[in-house]
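*Asks:* Let me begin by handing over the structure; questions about it come next.
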Amino acid sequence: MDTINKNNSKTIPHSRPTIGAEEAKAAAEVIESGRLAQGEVVGRFEAALSRMIGVKHAAATGSGTAALHLTLLAMDIGPGDEVVIPSYVCSALLNAVNHVGATPVLADVDPRTFNIDPDDVKNRLTGRTRALIVPHLFGLPSDMDALSRLGVPIIEDCAQSVGAAHRGEPAGSFGHAAVFSFYATKVMTTGEGGLVVSDSTGLIDRIKDLREYDNRDNYKIRYNYKMTDLQAAIGLCQLKRLPDFIKKRQAVARKYDREFEKIGIGLPVNDPGRIYFRYVVNLETPAEKWIKAVINQGVTCARPLYKPIHRYLGLQGYPVSERAWENSLSIPVYPALTDEQTDHVIHAVTTTAKGLIRE
Ligand SMILES: *Cc1c(COP(=O)(O)O)cnc(C)c1O
C-alpha cells in the first residue's frame, strides 16, 4: 500500500498528497530516536535542498509564510519600504509584507502564463521599492531575464515550483533568496513546512537567528518558526521521490493537452521546465459554471486561487488578474491519479465543454 490516506468516496479530489510507507518509516525512526524538534535531520534536509537548487545555503522554517516573513526581516525591509507582489496570488505574500510593516504594491500578471508581468512591475517601481516577490505560479517559472533587468532585489517564491527550471536553470537559483512551501498539497510535502535558500551567508545566518528564540545572550524579537526533525525526515523521502512526482505530473499534463486541444479551451503554456503544480486552463466562460458541471460527473475542479489580492484590498486596475480569477479552471493533475481516473477527468471535462461551449 503506497498511499495511506485512502479516499473512499468515488469523487476525484482536486489535490492530494502522495505519501506512504517510506515516509511513515522515516517518521517512526525520528520518533524512536527521542529527538523530535529541529536537529540533525533538519540540517540534512537543508543541505539536500540547497544542493538540488545549486545555492550555497538553506534555512528550513515552519511554513512558506514564515520563510517569506523571515526573508523580508533579514533583508531589513520594514515600514516605509515598498515590496512589489502580483495581484493574482494567494494572500500569504500580502501577509508576509504586512507582517514586517512594509507597503505591498500590486502588479498585474501575464494573461498566458499567469506570472507577474515585468512591464507592469516596471510601472510600479518607486524610490522606495526594496524588493520584488516573484512566484513561479502553478509550477511555471517566471521570466527571470526580464525581471532581473529591472534591477530590484528578487525573492523567488518557489512554493508551487520545487524542481522547476527556467531555461535549464533551477527555479530558486536566480533571486537574492528563494522560498519554498511544503504544505500538504504542494508538489512535495512535510505536512506544513518551508525553507529559504540563498548564496548570501549573512542572509541565512540572520534567518537562522530569527527563527528560534531560546539560549540567546541578547534580547530582540525572535520567532518560533522552526521545522521539526519529524517533518524533515518526511521531506527527505519526498525529495527522493520528487523526480518521479514531476514526471508523473508532466505525463498527465501531456495526456490532457492532447485531449483538451480538441475542445477549444486555452491550454496551459507548455514549457519543458514546467512541473504542473496545477493544470490550469483558460476559459471563455466563468469557471464557476464548469466547477458545478464537472462535480456532477464526479470530478472536483477548482479556481486555482481562492481570491486575488486586489479583490481582498478592494483595488481596481488589475484586469488580467480579474479575468484570470473569473475564467481559469484548475483540473486535477497530482501523481496519485490512476490512468482510469485521468480518463474519467478527461471525459468529465470534455462532456462539460460540449454542454457549456454550445450554450
Ligand atoms: C502555499 C504558498 C505560499 C505559502 O506557503 P505556506 O506554507 O502555506 O505558508 C506562498 N506562496 C505561494 C505561491 C504559495 O502557493
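*Asks:* I need every pair where a residue in region 13-34 that is closer than 21 Å to Phe277 by Cα has its Cβ under 8 Å from the Cβ of a residue that is buried (at least 17 other Cβ atoms within 10 Å of the Cβ) and of a type in the set (Phe, Trp, Tyr), sequence separation at least 6 or different chains.
*Replies:* Final answer for the pair search is Ser15/Tyr334; Arg16/Tyr334; Pro17/Tyr334; Thr18/Phe245; Thr18/Tyr334.
*Asks:* Could you run through region 93-118 and say how many residues are surrounded by fewer than 22 Cβ atoms within 10 Å (Cβ to Cβ), within 16 Å of the ligand (Cβ to nearest atom) and either assigned to a loop (DSSP other than H, G, I, E, B) or aliphatic (A, V, I, L, M) (or both)?
*Replies:* Number of matching residues: 4.
*Asks:* To continue, here is another question. If Ile53 meets every condition in (1) of a type outside the set (S, T, N, Q); (2) within 16 Å of the ligand (Cβ to nearest atom); (3) within 22 Å of Tyr276 (Cα to Cα) apart from one, which number is that one?
*Replies:* It is condition (2) that Ile53 fails.
*Asks:* Looking only at region 239-261, which residues are farther than 14 Å from Val187 by Cα and out of contact with any Ser or Thr (no Cβ under 7 Å at 6 or more places or on another chain)?
*Replies:* Residues satisfying the conditions are Ala251, Ala253, Arg254, Tyr256, Asp257, Arg258, Phe260, Glu261.
*Asks:* Please go through region 63-88 and give me each residue that is closer than 18 Å to Thr129 by Cβ, out of contact with any Pro (no Cβ under 6 Å at 6 or more places or on another chain), in a loop (DSSP other than H, G, I, E, B) and touching a residue at least 60 places away in the same chain (Cβ under 8 Å), ordered by number.
*Replies:* If the condition is that a residue be closer than 18 Å to Thr129 by Cβ, out of contact with any Pro (no Cβ under 6 Å at 6 or more places or on another chain), in a loop (DSSP other than H, G, I, E, B) and touching a residue at least 60 places away in the same chain (Cβ under 8 Å), then Met75 is the only one that fits.
*Asks:* In addition: Going by what's in this entry, would Val333 be described as outside any helix (DSSP H, G or I) and in contact (Cβ under 8 Å) with a residue 24 or more places away in the chain?
*Replies:* Judged against the criteria, Val333 is a match.
*Asks:* If I go through region 167-204 residue by residue, how many of them are more than 16 Å from the ligand (Cβ to nearest atom), assigned to a loop (DSSP other than H, G, I, E, B) and among the charged types (D, E, K, R)?
*Replies:* 2
*Asks:* Please count how many residues of region 119-143 are under 30 Å from Gln238 (Cα atoms), within 16 Å of the ligand (Cβ to nearest atom) and either surrounded by fewer than 24 Cβ atoms within 10 Å (Cβ to Cβ) or not aromatic (Phe, Trp, Tyr) (or both). Write out each step before concluding.
*Replies:* Kept after step one, since they are under 30 Å from Gln238 (Cα atoms), are these residues of region 119-143: 132-143.
Filter once more, keeping what is within 16 Å of the ligand (Cβ to nearest atom): 132-142.
With either surrounded by fewer than 24 Cβ atoms within 10 Å (Cβ to Cβ) or not aromatic (Phe, Trp, Tyr) (or both) added as a condition, the list becomes 132-137, 139-142.
Selection size over region 119-143: 10.
*Asks:* Sticking with this structure for a sec: Does at least one position in region 33-45 carry a residue that is of a type outside the set (Val, Ile, Thr), in contact with a Leu (Cβ under 6 Å, 6 or more places away or on another chain), part of a helix (DSSP H, G or I) and within 16 Å of the ligand (Cβ to nearest atom)?
*Replies:* yes
*Asks:* Continuing with the same structure: For a quick check of your reading of the model, give me the residue pairs whose first member lies in region 161-185 and is crowded, with 20+ Cβ neighbours inside 10 Å, whose second is basic (Lys, Arg), with beta-carbon atoms closer than 9 Å and at least 6 apart or on different chains.
*Replies:* Once the first residue is crowded, with 20+ Cβ neighbours inside 10 Å and sits in region 161-185, its partners that are basic (Lys, Arg) give Ser161/Arg274; Val162/Lys186; Ala164/Arg274; Phe180/Lys186.
*Asks:* Also: Is it fair to say Ile221 is surrounded by fewer than 16 Cβ atoms within 10 Å (Cβ to Cβ), hydrophobic (A, V, I, L, M, F, W, C), free of Cβ contacts under 8 Å to residues at least 40 places away in the same chain and away from the ligand (no atom under 16 Å from the Cβ)?
*Replies:* Criteria met by Ile221.
*Asks:* For region 151-166, give me the residue count where each residue is closer than 12 Å to Met188 by Cα and either within 10 Å of the ligand (Cβ to nearest atom) or β-branched (Val, Ile, Thr) (or both).
*Replies:* Residues that pass the stated criteria total 5.
Coordinate-derived values only; no laboratory data. All figures in this text were calculated on a predicted structure; none of them were measured in a lab. With ideal geometry, Cβ positions are generated from the backbone for all residues, glycine too; neighbour counts draw on all protein chains shown.
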